[in-house]
Structure formats: structure tokens, C-alpha cells
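Worksheet: the structure to be examined is printed underneath.
The values are calculated or read from the model by the stated rules, or taken from the named source; none is laboratory data. Note that the coordinates shown come from a computational prediction; the quantities given were computed from them, not determined experimentally. Cβ placement follows ideal geometry from the backbone for every residue including glycine, while neighbour counts extend to all protein chains displayed.
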Amino acid sequence: MKFKTVVITKKKLIIAVVGILFLGGIITAVSLIPPKTANVFNYQNEIYEDILAEGLPNNNEKTFSLKDFAKKILGFDIENPETIISEYSSVFDGTTSQTEQENTGEEIAEENTELGEEQTEQTPDTVQEEVPMPDKSQICTANNLKLNNATTYNVDVNALCAEEFSINTDADGPKVLVVHTHTTECYDGDQMNGETERNTDASMNVVAVGDEICRVLEENGIKTVHDTTYHDYPSYQGSYTRALSTIETQLKNNPSIEIVLDVHRDAFIYSDGSKLAVTCEENGISTAQVMLVVGTNSMGLWHENWQENLKFAAKIQNAAEIMYPGVMRPINLRKERFNEHMTKGSLILEVGSNGNTLAQAKEGGKDVARAIAAVLNAK
């Protein structure tokens, strides 16, 4: 065994001290993210590690600066931490729906408050008019689908809508699995638990929206499994890892499942403390808009079938726009994988936002569920 003598010189000592101070300054800067940004993401000390678990670079990519690391993996610039929300939500990156383009800043907050009041005053007996299901030719013909593309991939979502997709709807057994990676996400109103915007009561969070989605799918002849496992409680960290384990178990127990829908809600808090609400009206009913999020293999994780997921999303988006114009936000194509590699019909459904009411979110969930049913029944 050979030993190497290390001589510590004054120069080396100075360099080491400067390096430690520089690193400490960067870590301090990260910890001092303004409260507005921190409020958007609860459990802010844990979410970064959760994103890391999903979006690690490939094995050949070993070294880069902390600043590059934050921009590439965490999705925000240390010098401009507000970019984390532009990476998270398409509402703030210039690609918005018509409803969103017509309203900005305080005007959106004011309009959403009024819509929330209208929803509260609405009688529970209000029934949405029956909407005819589009046929296969309509579902497969799209001319103006909007795509918010956060990747470097060049895709034509309108052309993809016309292509056949690989989902098998003939096998017996359940076809759809509904899960919730962030199960405790809830909506504006009394159901929110302080500033956390989380609630473990399944009747008050996104599980209730999942119930509506499953009910509508079942009514349209599509057998569905709703797994209500809590993946983000008591710890937010590792939510996607735990959700993946749930998905794997369900696919093993139900090999007929071809589609996995991960139901979430979006979030944004304005500088005045008001919250983002994305809404439209359907037959006089205030309804939360829905965004389909499609993951890819851009970050080096295996996901060879992401184009099939995007085809499925395009058909759903097109059917929903025919049936319920304005209910859909642009499709969001992302660099992250989000566990969507497990089937050729896996999607994230962002139903409303933290400024929407639960009642609005349930309406949005029912609308997108009927669009999904139309696509599957036309297969």
C-alpha cells in the first residue's frame, strides 16, 4: 500500500476557504426564495428532492455547476426563482387559452372571485344539458389544437390526432386506472387546511374529482379502478416514487388496464394573495378548465412510448373541444416523465387550480371524462 504526502500550502488553504464561502452563499441564496414563490409550492424543502427523483440526468452527465443543476433539473433559475412557476404551469409562459388571454393579473382574480360566488349561489339541482358524443371521424380530425411544448421535440399535435393509437379496448376487465400522486391537493374555500392547500379528507380533495371521473366513465361502459392511496402524506417527498409503486401493483393485479390517469390540480398565488382559477361556463354552470400533461424522455429516463400518450391526449383534447368548447387548456408537453412510461395511455389531468372551487373542479372532471369515453368508445 502506497501513501501519498499532501502538503497544505497557504495558497491551497485560501482557495479552499473561498470555495466553501462561495458554495455557502449559493445555498443561502436558494434558501431565501421570496415567500410568494414558496407559497406556490408547499413542502418547499422537500419538493426539490421529489423532482430530482423523477428527473435525474443520464449516467454520463456527472458534473455541472449548481446554477446549471437548478435550471436543468429543478426547472428554475437561482437568480430568478419565479421561473419555477413558469416551468410548472403553462398559464404563465405565453401559451394560454382564449379565456386566459382576455384576462390578466388582478382582472383574472376579480373575475374568478365572481365566478366562485356564482357557483356558491347555484342550486344543486342544476343539470348540464346532454351533449352528443362525437364520432370517430370528428375525434380524429383536428385543425387547431394548441400545444405548450417545453421540450426540444418537434411535434405536430394535429397530425398525431389523426393517427391510430395503440390502446387495446377489447380485453375483459377494467380499462382505466385513476390515481393521485398528490392526493391531498384541494381547492379554494373552507376545505383548505390553512396555507398548505392540502386536505386529507377524500371528499374535499382531488379524490372527489377522481370519483366523478370514474363515475362518468363507468356510465359510458368503461370499467375503471380508482386507487385513492395517499402518496403525498405525511411526506410530500417521494410522491412520484410511491405512486409508481401503486401503479405497478394495479397493473399486475389488473393486466387489462391500458390507461392511467393521474388527477391533480394546478396552483398559483398572485402577489396580492389571490389564487389562480381557470374557468369557463357550460350551459350556465361555472366549470374548471382541464390541462393534459404529457411526459417525455427528454431528461434521459426510459419512456419510448411517449408519442402514444401524446396521440391519446390529442384525441381527448379534440373531442373535449367539440363537446365542451373552452373547457381545455393547451396540452402541456414536458421534459419530465411523470410515471407515464407504464402504459401507452398514461396522462396527468390538471383539473382546475387552487383558486377554483371543488364544485367547479367536479364539473371539469365530468367534462373531460365524457371526452375520454368518446375517444375510447370510438376506437
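Below are the figures for this structure:
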quantity: Hits in the stretch 163-186 - residues which are among the aliphatic types (A, V, I, L, M) and at pLDDT below 90; calculated: 167, 171
quantity: Given (1) surrounded by fewer than 20 Cβ atoms within 10 Å (Cβ to Cβ); (2) at pLDDT 95 or above; (3) not aliphatic (A, V, I, L, M), number of the condition residue 189 does not satisfy; calculated: (2)
quantity: Residues within the stretch 213-244 that are over 13 Å from residue 179 (Cα atoms), part of a helix (DSSP H, G or I) and out of contact with any helix residue (DSSP H, G or I) (no Cβ under 6 Å at 6 or more places or on another chain), tallied; calculated: 3
quantity: Meets criteria (among the hydrophobic types (A, V, I, L, M, F, W, C), buried (at least 23 other Cβ atoms within 10 Å of the Cβ) and assigned by TED's automatic domain parsing to the domain that holds residue 187) for residue 288; calculated: yes
quantity: Pairs where the first residue, in the stretch 224-239, is touching a residue at least 12 places away in the same chain (Cβ under 8 Å) and the second is among the aromatic types (Phe, Trp, Tyr), C-beta under 7 Å, 6+ apart; calculated: 236/43
quantity: Evaluation of residue 200 against (1) β-branched (Val, Ile, Thr); (2) at pLDDT below 95; (3) in contact with a helix residue (DSSP H, G or I) (Cβ under 7 Å, 6 or more places away or on another chain) (one fails), failing number; calculated: (3)
quantity: Residues satisfying the stated conditions in the stretch 159-187, i.e. touching a Phe, Trp or Tyr at 6+ places or on another chain (Cβ under 9 Å) and under 17 Å from residue 221 (Cβ atoms); calculated: 167
quantity: Lone unmet requirement of (1) outside any helix (DSSP H, G or I); (2) buried (at least 22 other Cβ atoms within 10 Å of the Cβ) for residue 210; calculated: (1)
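Yes or no, residue by residue, for (1) free of Cβ contacts under 8 Å to residues at least 12 places away in the same chain; (2) over 17 Å from the mean Cα position of the chain (by Cα); (3) within 18 Å of residue 149 (Cα to Cα):
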site	(1), (2), (3)
241	no, no, no
254	no, yes, no
259	no, no, no
266	no, no, yes
277	no, no, no
283	no, yes, no
293	no, no, yes
308	no, yes, yes
